[in-house]
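So the structure is just underneath, and the comments pick up after that.
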Amino acid sequence: MRYMFGDYQLDTERHVLAHTEVPVKLERKVYQVLAYLVQHRERLVSREELLEHVWPGVYVAEAAVTRCIAALRKAVGDDRERQQAKAWELRAATSLSRLWQQQGKRTAARELLAPGYGWFTEGFDTADLQEAQALLEAPGEEQTP
């Protein structure tokens, strides 16, 4: 299967990540983390789930997972400025989602907020991500006009 994101293409049949059609060299575990995250992009993947699927039955130190994520971010050009931009994007989506939920537009609010929230792989103790998570998990029904 082929997945496209930005200028990158992940081919899970050939086990290749390419940037503008040029192969990007990845360590085996870094590739496996990327493939798992991309294949489950529609939802938040926890660190525990990653450990369970990429390192099944093996004790792995937190540092190894952190190192894999850092190597993956470097490989796909994800830097501090991009993270800050994503944080601002999440704040805007959270604000609009909160308004839409108050207006009874729960489905639209969730569809707006979920992708931005799902982009993050760490920092879940921050106020921004906790607020986004609370909105995503808030009970409620869609109101019809």
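The values are calculated or read from the model by the stated rules, or taken from the named source; none is laboratory data. Quantities reported herein were computed from a predicted structural model and do not represent experimental measurements. Virtual Cβ from ideal backbone geometry, glycine too; neighbours counted across all protein chains shown. The protein model used for the area step is the full one, side chains on, heavy atoms only, and it has no ligands, DNA or RNA in it. Shrake-Rupley method; radii C 1.70, N 1.55, O 1.52, S 1.80 Å.
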In region 12-46, anything under 14 Å from Gly118 (Cβ atoms) and among the basic types (Lys, Arg) is listed as Arg41, Arg43
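Identify all residues within region 45-57 that are open to solvent by 90 Å² or more (accessible area, probe 1.4 Å) and modelled with pLDDT under 90; write none if there are none.
Glu48
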Restricted to region 27-44 and to residues being in contact (Cβ under 8 Å) with a residue 40 or more places away in the chain and out of contact with any Leu (no Cβ under 6 Å at 6 or more places or on another chain), the residue surrounded by the fewest Cβ atoms within 10 Å (Cβ to Cβ) is Glu42
Here the residues within region 61-100 that are over 26 Å from Pro23 (Cβ atoms) and of a type in the set (Ser, Thr, Tyr) are Thr94, Ser95, Ser97
The residue from Ala71, Ala92, Ala114, Ala134 that alone is modelled with pLDDT of 85 or more, within 26 Å of Glu49 (Cα to Cα) and loosely packed, with under 13 Cβ neighbours inside 10 Å is Ala134
The one condition Asp78 fails out of (1) at pLDDT 90 or above; (2) buried (at least 16 other Cβ atoms within 10 Å of the Cβ) is (1)
Would it be correct to say that Glu131 is touching a residue at least 40 places away in the same chain (Cβ under 8 Å) and within 18 Å of the chain's Cα centre (by Cα)? no
Selection from region 18-31 of residues within 16 Å of Tyr8 (Cβ to Cβ) and either part of a helix (DSSP H, G or I) or of a type in the set (Phe, Trp, Tyr) (or both) yields Val30, Tyr31
Quick count over region 75-116, residues being within 30 Å of Arg28 (Cα to Cα), touching a helix residue (DSSP H, G or I) at 6+ places or on another chain (Cβ under 7 Å) and of a type outside the set (A, V, I, L, M, F, W, C), is 2
Of those in region 1-26 that are acidic (Asp, Glu) and touching a residue at least 12 places away in the same chain (Cβ under 8 Å), the residue nearest to Leu72 (Cα to Cα) is Asp7
